[in-house]
Each structure stands twice: as C-alpha cells, then as structure tokens.
1. Say whether the condition of being within 16 Å of the chain's Cα centre (by Cα) and within 18 Å of B:S311 (Cβ to Cβ) is met by at least one residue in region B:144-152.
2. If you go through region A:273-319 one residue at a time, how many are of a type in the set (D, E) and touching a residue at least 60 places away in the same chain (Cβ under 8 Å)?
3. Would you please name the residue that is farthest from DNA strand C (Cβ to nearest atom), looking only at residues in region B:57-72 that are surrounded by fewer than 15 Cβ atoms within 10 Å (Cβ to Cβ) and among the hydrophobic types (A, V, I, L, M, F, W, C)?
4. Give the residue, chosen from B:E28, B:E33, B:E67, that is near DNA strand D (Cβ under 8 Å from one of its atoms) and under 20 Å from B:V92 (Cα atoms).
5. Can we say A:S250 is within 14 Å of chain B (Cβ to nearest Cβ) and either closer than 14 Å to A:L322 by Cα or without any contact (Cβ under 8 Å) to a residue 12 or more places away in the chain (or both)?
6. With respect to A:R60, is the statement that it is within 10 Å of DNA strand D (Cβ to nearest atom), not in a loop (DSSP other than H, G, I, E, B) and not assigned by TED's automatic domain parsing to the domain that holds A:N329 true?
7. For region B:259-271, state whether one or more residues are touching an Asp or Glu at 6+ places or on another chain (Cβ under 8 Å), within 11 Å of chain A (Cβ to nearest Cβ) and of a type in the set (V, I, T).
8. Identify all residues within region A:74-109 that are of a type in the set (G, A, S) and within 16 Å of DNA strand D (Cβ to nearest atom); write none if there are none.
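The values are calculated or read from the model by the stated rules, or taken from the named source; none is laboratory data. This structure is a prediction, so every number in the text was calculated from the model and none was measured. Because the Cβ atoms are built from the backbone with ideal geometry, glycine has one as well, and the counts that use them run over all protein chains shown.
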There are 2 protein chains.
Amino acid sequence: MPKTEEPTIDHEPIAQRALDDRQAAILEAVVTEYIGTAQPVGSGHVAKVAGVNVSAATVRSEMVDLEHEGYLVQPHTSAGRIPTDKGYRFFVDHLTEPGVLGPAQRQKVSRFFDQVHGEMEQMLERTSGLLSDLTSYAAVVVGPTHESAAIRSVQLVGLGPRLALLVVVLADGAVEKRSIELGDDTPDELLAAASTQLQLGLQGRSLAETGVVAKTGDAAVDRAVGVAHAALSDLSSPGEAEHVFVGGPSRLAVAFDAVETVRSVLGILEQQMVVVSLLRDVLDRGLSVSIGVEHGYEPLASCALVVAPVSVDGHDAGAVGLLGPTRMNYPQALAAAHVVGERLGERIGDALGGSGSEDRGAKRPRTPGTKGGRRGR
Amino acid sequence: MPKTEEPTIDHEPIAQRALDDRQAAILEAVVTEYIGTAQPVGSGHVAKVAGVNVSAATVRSEMVDLEHEGYLVQPHTSAGRIPTDKGYRFFVDHLTEPGVLGPAQRQKVSRFFDQVHGEMEQMLERTSGLLSDLTSYAAVVVGPTHESAAIRSVQLVGLGPRLALLVVVLADGAVEKRSIELGDDTPDELLAAASTQLQLGLQGRSLAETGVVAKTGDAAVDRAVGVAHAALSDLSSPGEAEHVFVGGPSRLAVAFDAVETVRSVLGILEQQMVVVSLLRDVLDRGLSVSIGVEHGYEPLASCALVVAPVSVDGHDAGAVGLLGPTRMNYPQALAAAHVVGERLGERIGDALGGSGSEDRGAKRPRTPGTKGGRRGR
DNA sequence: GTTGGCACTCGATTCTACCGAGTGCCAACC
DNA sequence: GGTTGGCACTCGGTAGAATCGAGTGCCAAC
C-alpha cells in the first residue's frame, strides 16, 4: 500500500507516516461510530460503512496497522477498537469539515443575538448558556481583558467618613471599582477635586499604563489622588480582571458516567485562572481543539476542549469554549463555537458603536478557512 | 419517658406525638450512624451506642414504632433502618446542638476574614469558597439586595457617538450600570449636565423609589435624563440585581454517587433565581434547615439545605447556604453556616464603616439561641 | 416491660456456564 | 502482490445457582 515511502524522517517517534485514503476512511468510520455509540467499534461495522468498500478482514488488517501507529486501541483482546487522542486529533485535523448548525440551532443563535441586551457580564453569562444549550456540553466564555481599554471616566465616591469607592469606566463599557481608605474625614469637595484631577490625568490611557498624575497644590487632594492611583494599578493586576462564565456544568454529568470524572472536571472549572489560561494556551498554539492530555491537566485527560476566539474589529476580545468528552461531536461543537464566537464579537462591536478603538470600523472578514485547526493537504 | 401528655392536638396527621427519651436516643443513634456510614443501621449497632442501654431486641421493637410514625424506613425487609426526612427533621430540631467548629476550621475562618479584601462580589465569591472548603459541601452565598440602598452617585459616561453608560453607586458600595442609547450625537457637556441633574434628583433615594427628577430648561438634557431615569428603574427590577455565588459545586459529585442526582442538583444551582428564592423561603419560614422535599423542588429531594442569614446592623443583607445530601453532617454545617454568615455580616458592616444607614452603629447582639431552627421544649 | 433465642428473609457476593461479538491467522482467490 | 471468506480462539458480559450474613419479627422466659 502507498505508505508514502519517504526515508522515515521520524521527527516524531512513529508518528506522522501519513495515512492512506483507506486507512483514513476506516479511522473516520471508527471515530464517527464511537462518538455515536460510545461502544468499541468492530471491523464488521466499519466494513458496512459507505466509503469503505472492503471486507471486514481487510479492515481488520488495516486496523492492526492503525493500532500500531497509535490511532486506535483495543480495550481488550477480542473487542472492537476505540480512537486514541491521536486518532481524534487526526480526525479533527483532516477528516472533518467544521460542520454547519442545523436550522433550528441557527435560529436559536440568531434569536439570541437579536434579543440579548444588558451589560457585558450579563451578555457573556447568557452566551455561555446559549453555547451549552446548542451543544449539550459545558461551555465557557471569557470576556475581553480590560488592560488595554482606554479609561473613559474616573470618579471617587464617598461611602463613609473615611471610605471611598474608586469607580473607573472603560471604553469597552466595563466598570471597575475598588474601595479605598482615606486618612481622615474627607469632605465631598475634596473627593470631587481629586476625581477631577484623576480624570484629567488618566482619561484616554489604559489601565495597564496609568503613568503619573500631576499634582495639584492642595496636599490633602494630592494624598487622595495618590491612594486612588495606587488602587488603580492594583486593578490591572493579573487574574483580578478576567471573568469566566461557565454555562451548563450539569451537562458534564451526562457526558461522563464516572462520577469521579465529573468531580475532577468540575474541580477544574472552579479554578477560573486555570480555565482562562487553558483557553488562551490553545488559541496561542493556533488551534481550535485540544484533546485529552494535549493540554497539561490530567483531570481533563478524558476531555476535549473546543475553542473559538472572540474578536472585535480584529482585536482579541476573549474566547468561547466547549468542554466535553474526547468522544464529543467535533463538527457540531466547532460550528457552534465559531458561530457564537463570531457573533459575540460582532455584538460587542455593535454595542460599542464601532468607535471602540483606533481601528477603522472595517469588520474583519470572516475566515472560515482556518477553522478546524491546522487543516492539511 | 416524659411523653408530655398534651391532649394530642394533632395539627399534623399522625405526626407530633412526641418521642419519648428512649425513642429519641435511638433515632439519634440511627441518624448519627447513617450520616457516618451511609449504610442502613441495624438494631445491633444501635444497642451498642452509649446512651441506649437496652438490648437489640428492645431497640427493634422501638424501631418498629418509629417506622410506623414515619421517622425511619427499611429499604427492604431484613435490612437496617434509614432515617426519613421527618427523622432528620426531628434530629435537627430536637437532638442536635448547633455544634462548634474545630480549632482548625475556626482558624481558617478567622484568617479568611482577616485577609479578605476587595470588592463585595469578590468577597462573596470567596466566602462561598470558604464555606465549601470548611464543610465539603456545595455552598451558596447571596449578597444583599440593593433595592433599599441609598444612591450615592449617578453618572452618565459617554462610550460612543450615541451610546452612554449609566453608572450608579450605592451606599453599600455596589455599582450598577446599564448602557443606554441616546438619540443623536450627544456631546459630553450634555451628559455632564444630565448627570448633575440626575445626581441632584436621586442622591439619597433608593433604587426602589426613584420618584421624579426635576426638569431643567434644556429639552435635550431633559430627554437624556428621561432615558437614564427609565433605565434606572429597570435596574431595580427583580431578578436582575441579585447575584448568587456558588462555591464548590464539585463537592456534589462526592456527596452523591448517582450521577443523575448530581446532574439534576447542578441543574438547580444553575438557576440563580431558584436558588435565591429557595434560601429566602427557608429563612422566611424561620428555619435554618430544609430537608428533602420540604422545599418544593423534586430534583432536590435527596438534598438538605442549611441556611444562615447575613445581616448588617440588623438589616437583611443576604444569606449563606450549604447544600448537601440529606444525610449531611448537620451540626457541623449549621455551625459553619452561622459562623460564616455572622462574620460576613460584620465584615460587610466594617467595610461600610458602620455608617451604612439610619441605624446607629450598635452591633446587633449575637443570638445563638435561635440557631437550630425551631428549637423546642 | 425486657431479653435471649430462633427461624426466616433477602440483598450482596461468588461461582459457573454460556453466549456472541470480535479478533488473528491462513489458505484460496483474483 | 493485495483481498477475501473461513475458522478457531478470546474474553467481557449476562444469567442462574449457591452461599453468606446482617438483620428482622416473633415468642417464650425472665
């Protein structure tokens, strides 16, 4: 058979000896069947599938090869085969088109984005619900980081005799706040003066680079300004800013039947920081899918993560993700994640009136070509 | 023994024929044992327990009575007994003291409340983590409703040509926001004027009763004020305001071994509104514990909910709750919930500098007497 | 009223037999 | 050469029978 007799470069141990068409078809059949039934797939079933026009015996001998090369495993002798992570990876990279949503789902998405309103957090929260609803998997949505958003307004509001609240409004509509303690009784006028000073010095800058604020003459005001300024830089500290919205965690309990797996995956989802860096990681590697142990967390070894970026006018504005078992429905999940990610980006852009940043409002073109991760040959 | 021969008022069908001391002791032994082992408890085990100084045979005959009266059930003939919801209820109401936290836990709580800082939401979120950590059950924390908090500041911040953000700061440190759309290009000066007008008209009032705002002469400004004012009343609409923080949902997966139970309970926790009204309901009925079907949600039939109020200067400021299996460790859960609820209230009070509202800052006395729900006779 | 004794129940566990989906191998075929 | 049908073999899953033992209900004796 073809086997593409290259001189066995072997950058990866046994790995990328490309599969010939028939092997690919068989792998595809196994993956598809297994995703549907969660049962090991035998040569007989594969032989029946359209596209594989060979006998069960031939399928068997090919499956032995596929097993040697690490695409399939047998749970035990004389059982059917199950895809490995590598098998899923090949399937996702080479064998599946992103897929399209059904009309009902498409309509759900449209209706959702037509109706959704309210603040960013609420929108993200609900988006996570939508995604989970579309796919029956647990969904995660992380919003834009605010580090680079320009400051629109800074204000100090008195709450108590020595307590004030620093309220910062950013260009993307986010509001950050931090309570600060002031030395002694601080009259409202002083706060007003400090607010004005902060506003003058900071407006238009981003949280990440708050530079210096000019002094007024008044020592008391300057003190307040200093405290507020310190609190401000605290606001941009990492981890504090990013919110993660998890939708439909209960779906995990249907996706996995081992209660221990459910527990450990839920445990991961509880750690927002981990989730954020997980999504970011996957996107940074230019992928849309992370399967099994590809990401480094063992509790997620039996999970796959489908990620799509959210961007507004070409700028990174967060990500959406779907978390399910490795035997998840990749085409559907990819389609859902990308559509929702895209629409969410547009929606956020709309909400900001297209005047969000220095970019001219030219909507970035949709780029369906890059969807399935590295798409080969 | 006592049986307290009251004339059998029978407001409940068979129910409150009080248990004599021996029956109570047996029930207690069964509940305690079952909580520990999750196995049906036989007469032999009960007879061995200190406090029950009778033979297994006697225990058996008493258990028959207890079963008739609905405190115990047998999963099948010739198995030990399991407490019913009614059994747990009696246990909670009459047989258990609130319990105290171990020194290690006590220290965790202290350290937590010494260290915790940042904004309300963050504090509540972390509190839910603490509670879950202390008890190994899932925890819920709902913050104060903002309806009655006085408005400290109202501000309109321009975000785009026709988009502005209404930012409201409340006396309790909460910041609410809502984006509003304005007719045509709206210069910053107009927004400033409208802000001032809103501020004048609304400061000191609560979100619930925003009354009327006086007109300026300027029609454009009045229009903006009107839009903002409408958005404001939208803010106080029910359901929108209350945030629920769920801590340690993964604990549910260890508390229940049936994956379907986990799924349905997680499903309930996803519905914030339900959770809020659940906690509120229980507190309104003057209880600290709701067991099994006492609350109306079937998915929670195998759960118990332990609730403690959070109050600041005697005012309702939310609640904390623990959700576990009906065979949860009630004394520990009650202790943890009440301590954390109390400390949280104090902490919020501190953060507001004791000047939160019209109440003079007299800390409300601790009232440990009311802890275990209706504690009778 | 309490207790020890005793026959009985019934879920859980273990063992055995058996079924059948699926495999690996091989000889025959193209 | 690759492909195919045939065949013996493997082994997890299921069903039934036997066994075990914790726990019960009942009763006679204390």
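1. Checked region B:144-152: at least one residue is within 16 Å of the chain's Cα centre (by Cα) and within 18 Å of B:S311 (Cβ to Cβ).
2. Pass one, region A:273-319, residues of a type in the set (D, E): A:281, A:284, A:294, A:298, A:313, A:316.
Next, from what is left, pick out any that are touching a residue at least 60 places away in the same chain (Cβ under 8 Å): A:294, A:316.
Number of matching residues: 2.
3. Result: B:V64.
4. Values: B:E28 fails: near DNA strand D (Cβ under 8 Å from one of its atoms); B:E33 fails: near DNA strand D (Cβ under 8 Å from one of its atoms).
So the residue among B:E28, B:E33, B:E67 that is near DNA strand D (Cβ under 8 Å from one of its atoms) and under 20 Å from B:V92 (Cα atoms) is B:E67.
5. Criteria met by A:S250.
6. The answer is yes for A:R60.
7. The initial filter retains those residues of region B:259-271 that are touching an Asp or Glu at 6+ places or on another chain (Cβ under 8 Å), namely B:259.
If we keep only those that are within 11 Å of chain A (Cβ to nearest Cβ) as well, we get B:259.
Then drop every residue that is not of a type in the set (V, I, T), which leaves B:259.
Yes, region B:259-271 contains at least one residue that is touching an Asp or Glu at 6+ places or on another chain (Cβ under 8 Å), within 11 Å of chain A (Cβ to nearest Cβ) and of a type in the set (V, I, T).
8. Taking region A:74-109 as the starting set, the residues that turn out to be of a type in the set (G, A, S) are A:78-80, A:87, A:99, A:102, A:104.
Those that are of a type in the set (G, A, S) and within 16 Å of DNA strand D (Cβ to nearest atom): A:S78, A:A79, A:G80.
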